[in-house]
Structures are given as structure tokens and as C-alpha cells.
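Written below as C-alpha cells is the structure these notes are about.
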Amino acid sequence: MVPLAEQYPWTTLPFIVGAPMRQLAMARLAVEVSAAGGFGFIGAGESLDEVDSYLEQAASLVKGHELLQTYYEKSGVLPVGFGFFDWAPAEDLEKCMVAVKKWKPAAVWQFGAYKNQDYAVWAEKIRKMGEGKTQVWIQVGSVADALEVAKTARPDVLVVQGTDAGGHGLETGAGIISLLPEVADALDATGITDINLIAAGGIMDGRGVAATLVLGANGACLGTRFLASEEANIGNGYRQEVIRASDGGMNTARTKIYDKLRGTTLWPVGYNARGVLNQSFHDHNAGLALEENRKLYDEAMKQGDAGWGVNGRITTYAGTGVGLVKSVMKGGDIVKELQQQALRRLEAVTPKL
Ligand SMILES: Cc1cc2nc3c(=O)[nH]c(=O)nc-3n(C[C@H](O)[C@H](O)[C@H](O)COP(=O)(O)O)c2cc1C
């Protein structure tokens with residue numbers, strides 16, 4: 001297996017990934033994360049027409065960072081990635097492939113396929129259009145999916161998503177502490193040893209990063225923590241709610257209600273999303289009809305920042321670790337802090353012989 005830091009030479013260890021959060025993690029955040037030694041992903045929207053312009057923006061922002069720009073000029077590889085959902089219409093995904101050919105992002109991240117075989121189809125196209133420069137990452141949430149995807153799509157990286165993750169994922173699943181090692185063992189047992197594993201779900205600080213390395217991951221991916229970055233493309237009401245919310249096991253839930261209210265209903269069977277509990281959620285549980293709930297949601301959308309919060313109605317997708325996110329920081333400072341904390345933590349728990 002090629003070590004990640006060799007594969008992506010602008011990165012430093014421990015390997016930190018900024019998740020491709022749809023319409024929230026855009027070029028600005030992705031480049032900021034990569035410039036600090038992490039690997040930043042752009043989250044493409046439902047309409048994938050814009051991927052070309054997102055990558056163009058990233059290429060332009062890269063010019064402001066000498067190390068990234070030098071790497072880009074020498075290798076022709078744009079030192080960020082982008083993520084898409086495999087459930088998007090094929091004609092949209094084909095447009096993404098054209099953008100891959102033009103910009104050669106370091107990786108394309110797939111997630112949310114109707115069937116695992118779809119990942120293999122797009123993996124082949126990404127490799128072809130990327131001309132050996134663009135790697136394939138696939139996010140999975142179970143041991144069975146990890147094995148099937150590893151065998152059929154042969155990704156360069158599997159992102160293993162535990163059930164604590166914010167945003168979309170499998171309705172049922174395990175926490176990363178058991179999921180990651182079980183995936184690693186299952187791959188080993190089938191002789192697949194060339195896929196790097198990235199842990200995702202519930203990792204908020206350096207302690208979480210250190211834990212995933214101890215579990216056997218090659219790096220850690222964070223979404224919720226980067227929502228509280230200066231570069232996230234996020235409303236102030238949303239960001240403040242991420243800072244405010246705590247005790248995520250009690251105050252977030254995996255549910256489909258937010259998708260229903262937002263009209264994002266193309267997700268495959270078996271997926272839902274984790275968000276902070278709010279009035280829409282409570283009213284739904286109390287039996288409020290969807291149509292009525294949707295009307296109230298649409299009204300809340302007009303309130304701007306005031307529409308978020310415990311008594312608000314606008315969706316706050318975030319993971320169970322949300323209570324560990326306490327302040328807004330620059331994305332690059334988050335990467336550095338995660339790395340330093342993780343190294344300190346690993347040193348602190350290593351017995352001195
Ligand atoms: C607000 C939000 C949006 C997300 N959007 C995407 C997405 O567009 N594509 C994707 O593959 N994963 C998405 N994810 C999931 C992340 O890839 C990752 O699994 C998750 O953030 C990790 O858990 P954490 O939030 O506890 O760090 C999203 C997560 C959040 C919190």
C-alpha cells in the first residue's frame with residue numbers, strides 16, 4: 001500500500017481529511033485544508049454542472065499557496081478532491097468526468113450509490129478521465145459494503161463512516177471504534193492490503209484523531225468540526241447552532257424528516273441523516289402532518305439566521321461529537337491543532353521503556 005503522505009506529497013501526518021460536505025465545503029475550505037497539510041474535499045451540489053467552476057476556483061486559490069502551487073505545476077494534479085453522490089443522474093456525473101479530465105483533482109470521492117456495483121462503473125471512468133492522476137475514494141458504512149466495494153471497485157481509499165457521523169449515512173451502523181478494525185480485519189482476511197483506510201464519524205479533536213490511528217486507520221476525516229471553520233460556506237445561524245449544541249448522543253438523531261422537509265429525497269433506501277434536534281423534528285415525532293411541517297419549514301427558511309436553533313426549524317446536519325466543537329477557527333488552524341493534539345496524545349499514552 002502506498003502511504004498517503006507519499007501519494008499526496010503536500011500533506012503532513014497525522015493525515016487529516018476535510019469531508020466533501022455538499023455546498024458547505026467549497027473551494028475556499030478545501031484549499032485552506034490542503035494548504036495546512038491536510039486533504040481538502042469540495043462537496044458538489046445536487047446539480048453537478050458547477051463542478052468545473054468549483055475546480056477552477058480551487059486552481060485559482062492554489063496559486064496563493066507556494067507549496068501547493070509548485071506541486072500543481074510539477075505534477076499537473078490539483079491538490080484537492082471533490083465528492084459526488086452516485087445517485088445523481090448519470091448525465092450530471094458524466095459532466096463531472098469532463099471536469100476530472102480538465103482539472104485532474106487528486107481524488108474523487110463517491111458516496112450514496114443505489115447499488116455497490118455503481119461505484120465500480122464510476123471508479124473506472126474516474127481513472128480513465130484522470131489519466132492516472134486522479135484517485136478513487138469511496139465512503140462506506142458497513143463491513144459488508146467495505147468488502148464488496150473493495151473487491152469490485154478497488155478504490156485507492158475507503159472512507160469508513162461510523163454511525164456518529166453528521167449528515168447522511170446508513171440508517172443502521174456501528175460506531176467507528178468497532179467498525180474500523182472489523183473492516184481492516186475483513187480486508188486482510190481476503191488478502192486486500194493495498195487500500196488505505198480513513199476513519200470518519202464522531203472525530204472532532206486530536207484525541208479522536210489519535211484514537212483512529214490506534215484503531216488502524218491511515219487517517220481521519222472530519223465534517224462537523226469543519227462546519228465551524230471560517231471558510232465553510234455556511235449561514236451564521238447554522239454555525240452558531242453547531243457551536244451551541246452539546247451532548248450529541250441526546251441532541252442529534254439519525255432521521256429522514258429533514259430530507260423530507262428539504263425535498264432531498266433521492267437518497268437510496270437504507271440511508272438517512274444525522275442532525276441536531278429542532279422543532280421540525282419534535283413536531284414530526286408528535287404526529288404533525290408532513291405538509292404542515294413543510295409549510296412551517298418554508299416559513300422558517302425566510303427568517304434567515306433566526307430559523308436555526310432548538311426552537312427553529314432549519315436543518316442543522318451535524319454529528320454526535322458536536323458538543324466538542326466550541327469555537328470558529330480558520331480551517332488551516334483546525335488541521336494544525338488536530339495534528340499537534342493527536343501527536344501529543346499518542347506520546348502521552350505511549351509507555352516510556
Ligand atoms: C453537514 C454535512 C454535510 C455532509 N455532506 C456530505 C456530502 O455531501 N458527501 C459525503 O460524501 N459526505 C457528506 N457528509 C458526511 C461526511 O463525509 C463524513 O462522513 C462525516 O462528516 C464524518 O462525521 P463527523 O461529521 O462526525 O465528522 C456530510 C457531513 C455533514 C456534517
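For segment 319-352, the set of residues classified as over 19 Å from residue 13 (Cα atoms), among the small types (Gly, Ala, Ser) and within 16 Å of the ligand (Cβ to nearest atom) consists of 319, 321, 323, listed by residue number. Restricting attention to segment 177-195, the residues that are within 16 Å of the ligand (Cβ to nearest atom) and closer than 13 Å to residue 158 by Cβ total 3.
The set of residues in segment 331-353 that are at pLDDT 95 or above and surrounded by fewer than 15 Cβ atoms within 10 Å (Cβ to Cβ) comprises 333, 340, 344, 347, 348, 349. Could you list, in sequence order, all residues of segment 198-216 that are assigned to a helix (DSSP H, G or I), closer than 18 Å to residue 5 by Cα and aliphatic (A, V, I, L, M)? Answer for segment 198-216, where residues must be assigned to a helix (DSSP H, G or I), closer than 18 Å to residue 5 by Cα and aliphatic (A, V, I, L, M): 209, 210, 213, 214.
Among the conditions (1) within 22 Å of residue 15 (Cβ to Cβ); (2) surrounded by 22 or more Cβ atoms within 10 Å (Cβ to Cβ), residue 67 misses just one, which is (2).
Only one of the numbered conditions (1) more than 27 Å from residue 209 (Cα to Cα); (2) touching a residue at least 24 places away in the same chain (Cβ under 8 Å); (3) touching a strand residue (DSSP E or B) at 6+ places or on another chain (Cβ under 8 Å); (4) among the small types (Gly, Ala, Ser) is violated by residue 37, and that is (1).
The values are calculated or read from the model by the stated rules, or taken from the named source; none is laboratory data. Note that the structure is predicted; figures quoted are calculated from it, not measured. Virtual Cβ from ideal backbone geometry, glycine too; neighbours counted across all protein chains shown.
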